[in-house]
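The values are calculated or read from the model by the stated rules, or taken from the named source; none is laboratory data. None of these values were measured; they are calculated from a predicted model. Please note: Cβ atoms are built from the backbone with ideal geometry, for glycine as well, and neighbour counts cover all protein chains shown. Keep in mind that these areas ignore ligands, DNA and RNA; they rest on the heavy atoms of the full protein, side chains included. Shrake-Rupley method; radii C 1.70, N 1.55, O 1.52, S 1.80 Å.
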Amino acid sequence: ILNSKGQIIDVNDTYCKMSGFSKDEILQRTIKDQDALENDDETKARMQRIKENGSELFKTRHWRKDRTVFDLEISVTYMDIQGGQYICFCRDITPQKRAEKELANYASMLDLAPSAITIHNLEGNFLYSNQKNLQLHGYTDDEFRKLSIHDLDVPESRELIEQRIEKIEKEGEAAFDVKHYKKDGSIIPLLLYVKKIDWNGTSALLSIGTDITEHKKAQSTLKESEAKYRQIAENISDVVWTTDLNLKTTFI
């Protein structure tokens, strides 16, 4: 609890354990002494804003006694009593911040991957996309997160979604070919490897996609070549057969 000057006039044991200060030590300090991010002017402006609005929820960092810092989410309510008091409820979000940092590190690594990587929930709504996937489909990250798998799949792929999800639910993973629409309306063929994962406590699907456009072109070229060679071989066979008949007739 703070008074109108920002002096700490009361504190509970939980905050003392968080900060490493004893209650007597904390009561000798002000909120300016504790906040590791805001300067004096910013703290005064926040206190005035809370007084005018009645309350505010924000995130900041406080000092521990050993001069390390910890992350807090603070909910403050202004009470017009005894010259004005600020009731502060503090939640230590250090583990959450650590997890966010780790996730950011993982995301940075996944952005370097040569394959398109996405995560979507079982309804098909996208939760994550790496840079390669955005590049392949032609979307920004904000645009892509508003899409679902149903927006990308061409009709023949869309018809198989439920069947494929059932297979993944049963076996845990699957691989298959799909065709996706790009933002410009063109179509790209992808080889997808999909695995069921846990994402923030709920089931989701991790997809790793490889653009097989060049592979498909190579297959098409190979089929065309095989057809040409087959036709040439048939023509050569006809010529040999005809020549053989002519030779036999001449000999007789």
Identify the GluC sites (Glu not before Pro) of region 64-137 meeting these criteria: DSSP loop state and at most 12 other C-beta atoms within 10 Å of the C-beta.
Glu123
Could you work out the percent of alpha carbon pairs in region 1-119 separated by over 21 Å, rounded to a whole number?
45 percent
Straight distance only, please: which lysines reach the Cα of Lys51 with their own Cα at less than 21 Å, same-chain residues fewer than 8 apart left out?
Lys5, Lys32, Lys59
Order Glu42, Glu56 by their accessible area, 1.4 angstrom probe, all chains in place, largest first.
Glu42, Glu56
For region 1-54 and region 61-118, what is the separation of their Cα centres, given in Å?
17 Å
Give the carbon-plus-sulfur fraction of the accessible surface of region 97-149 in %, rounded to a whole number; probe 1.4 Å, heavy atoms of protein chains only.
55 percent
